[in-house]
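Here is the structure we will look at.
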Amino acid sequence: MIALLQRDLILAVRAGGGFGLGMAFFLIVVILVPLGIGPDMEILSKVSVGILWVGALLACVLSLDRIFSLDYDDGTLELLLTSPIPLEAVVTVKSFSHWITTGLPLVVISPILGLLLGLQVSDLKWVFISLLLGTPALSVIGAFGAALTVGIRRGGLLLSLLVLPLYVPTLIFGANVARKSLADISNNSALLILTAVTLAAFSILPFASALVLRINLR
Amino acid sequence: MSLWEYANPVKFLNLSDKVLPFFAGFSIIGLAVGLFWGFFFTPDDYRQGSTVKIIYLHVPSALMAINAWFMMLVASVIWLVRRHHVSALAAKAAAPVGVTMTMVALVTGALWGQPMWGTWWAWDPRLTSFLILFLFYLGYIALWSSIDNPDTAADLTSMLCIVGSVFAILSRYAVNFWNQGLHQGASLSLDKEKNVADVFYQPLLFSIFGFVFLFLTLVLIGTRTEIRLRRAEALRLRKNRE
């Protein structure tokens with residue numbers, strides 16, 4: 001499993017576009033929104049959490065088809081199916097490596113982008129924590145969508161249509177954690193539910209994704 | 001004699017052929033009585049005026065929008081467990097009906113909200129979760145139409161329906177957490193005190209009855225069409241081979 005993780009990470013780095021593209025997209029979203037809304041820092045700081053979360057979500061969706069489609073096309077996925085590692089574990093590892101290559105970089109640069117949007121330094125902590133806890137769920141939920149559409153040519157748009165509604169709970173609770181701390185309200189409950197959503201997604205969804213992959217590889 | 005006998009397409013077609021006229025008739029009677037009674041023979045509400053009559057379309061369509069998804073969920077599980085093709089096709093046929101019901105509920109809600117709340121749309125939990133349900137329907141229908149192999153399509157959409165249901169329920173409670181509502185609580189309740197007043201309730205029941213049978217009629221027609229399409233496809237393939 002560790003070998004598989006290493007392979008996925010190396011492929012993402014060497015094939016190009018793994019780390020960089022998602023981050024660049026995130027940056028562009030954060031730059032474009034103030035251009036659309038106007039330079040008023042007060043308004044921007046009010047919507048900053050939403051922009052960061054929605055930006056991270058979109059950046060994540062754009063890179064989802066990379067999770068399975070390349071391996072599906074060159075037959076690696078079929079080999080993995082016959083390998084001693086259960087397919088559920090393969091899905092988990094692949095979601096995790098997707099998170100490391102797209103989710104984690106987004107989380108790391110989010111405080112800097114938060115500054116651009118007029119957040120106070122003291123508030124950056126919660127934006128960072130909420131994204132750190134929420135983005136793994138985005139990857140594993142996205143892996144389910146990627147597994148569904150792996151056999152479809154040009155399934156990118158369909159993938160977004162399928163996955164984005166599934167992101168609703170994560171987005172609501174994640175953004176809520178950060179917004180509540182900005183308003184100086186206790187964000188304990190939102191934080192707990194966000195963590196619960198992520199953990200539940202990671203423990204249950206790989207089974208559904210593996211089932212779907214088996215159907216697609218039939 | 002068991003219910004599963006009707007998983008046989010021929011038996012299903014025979015049975016549905018017999019019950020369809022009755023279902024259609026029930027639907028027409030329910031809708032005609034409910035809507036005419038509701039629109040012309042009920043008093044105006046003392047605060048809402050005549051806009052209260054939107055209830056005869058709004059409540060039944062919202063009810064059926066959710067029930068249609070639930071029916072798809074049950075049909076999907078039956079398909080995955082027992083591999084009855086009729087079940088998968090019924091789920092497929094129910095989706096367009098469900099999405100239409102969702103649309104009707106959203107549009108009538110907007111038309112009702114404008115005079116009552118002073119706004120077409122509010123980011124209220126109920127309204128938002130209906131919009132999300134609408135997106136789930138769209139994704140489900142899009143997935144069906146983009147896969148060629150019918151069995152794979154049925155399997156994948158069934159899985160999407162099951163996972164989607166979990167997330168739909170989660171979203172329903174998440175939006176409650178996110179915002180307090182403008183929409184009132186449930187209009188229908190077994191508790192007499194909370195229930196809508198009797199003058200409005202009786203025609204509403206007819207209307208709901210009509211909508212239920214309208215849904216059943218449309219789904220049966222849709223399923224029969226799908227079965228025949230499947231048959232035509234099989235015939236075409238057989239001919240090509242010869």
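Listing for the model above:
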item: Region A:42-75, residues that are more than 22 Å from residue A:127 (Cα to Cα) and among the aliphatic types (A, V, I, L, M); result: A:64, A:67, A:70
item: Looking only at region A:156-185, and only at residues there that are among the hydrophobic types (A, V, I, L, M, F, W, C) and in a loop (DSSP other than H, G, I, E, B), the one that is surrounded by the most Cβ atoms within 10 Å (Cβ to Cβ); result: A:185
item: Any hit, region B:111-118, residues being surrounded by 20 or more Cβ atoms within 10 Å (Cβ to Cβ) and over 20 Å from residue A:201 (Cβ atoms); result: yes
item: Output for region A:125-155, where each listed residue is over 14 Å from residue A:106 (Cβ atoms), aliphatic (A, V, I, L, M) and part of a helix (DSSP H, G or I); result: A:140, A:141, A:143, A:146, A:147, A:148
item: Close pairs from region A:169-181: first facing chain B (nearest Cβ under 9 Å), partner in a helix (DSSP H, G or I) and hydroxyl-bearing (Ser, Thr, Tyr), Cβ under 6 Å, at least 6 apart; result: A:169/B:171
item: Residues of region A:190-208 satisfying the condition of being within 8 Å of chain B (Cβ to nearest Cβ) and over 14 Å from the mean Cα position of the chain (by Cα); result: A:190, A:193, A:205, A:208
item: Filter result (more than 9 Å from chain A (Cβ to nearest Cβ) and buried (at least 18 other Cβ atoms within 10 Å of the Cβ)) within region B:158-178; result: B:158, B:161, B:172
item: Total residues in region A:136-160, condition within 15 Å of the chain's Cα centre (by Cα) and facing another protein chain (nearest Cβ under 7 Å); result: 1
item: Within region A:66-101, considering residues that are touching a Phe, Trp or Tyr at 6+ places or on another chain (Cβ under 8 Å) and surrounded by 20 or more Cβ atoms within 10 Å (Cβ to Cβ), the one farthest from residue A:214 (Cα to Cα); result: A:101
item: Qualifying residue in region A:54-66 (condition: closer than 26 Å to residue A:198 by Cβ, over 13 Å from the mean Cα position of the chain (by Cα) and assigned to a helix (DSSP H, G or I)); result: no
item: Search result, residues across region B:135-157 that are at the interface with chain A (Cβ under 8 Å from one of its Cβ atoms), touching a residue at least 12 places away in the same chain (Cβ under 8 Å) and either in contact with a Phe, Trp or Tyr (Cβ under 8 Å, 6 or more places away or on another chain) or within 13 Å of residue A:216 (Cβ to Cβ) (or both); result: B:136, B:143, B:155, B:156
item: Candidates B:133, B:106 - the one that is touching a Ser or Thr at 6+ places or on another chain (Cβ under 7 Å) and either in a helix (DSSP H, G or I) or not hydroxyl-bearing (Ser, Thr, Tyr) (or both); result: B:133
item: Subset of region B:109-143 (residues that are β-branched (Val, Ile, Thr) and over 29 Å from residue A:157 (Cα atoms)); result: B:119
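Conditions (1) more than 24 Å from residue B:127 (Cβ to Cβ); (2) part of a helix (DSSP H, G or I); (3) modelled with pLDDT of 90 or more; (4) in contact with a strand residue (DSSP E or B) (Cβ under 8 Å, 6 or more places away or on another chain), marked per residue:
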| position | (1), (2), (3), (4) |
| --- | --- |
| B:26 | yes, yes, yes, no |
| B:36 | yes, yes, no, no |
| B:39 | yes, yes, no, no |
| B:42 | yes, no, no, no |
| B:47 | no, no, no, no |
| B:52 | no, yes, no, yes |
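Listed here are the residues, each with its yes/no results for (1) over 29 Å from residue A:140 (Cβ atoms); (2) out of contact with any Lys or Arg (no Cβ under 6 Å at 6 or more places or on another chain); (3) free of Cβ contacts under 8 Å to residues at least 40 places away in the same chain.
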position	(1), (2), (3)
A:21	no, yes, no
A:28	no, yes, yes
A:38	yes, yes, yes
A:53	no, yes, no
A:58	no, yes, yes
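The values are calculated or read from the model by the stated rules, or taken from the named source; none is laboratory data. Just so we're clear, the structure is a prediction, and the values are computed from it rather than from any experiment. Quick reminder, even Gly has a Cβ in these numbers, built from the backbone with ideal geometry, and neighbours come from all protein chains shown.
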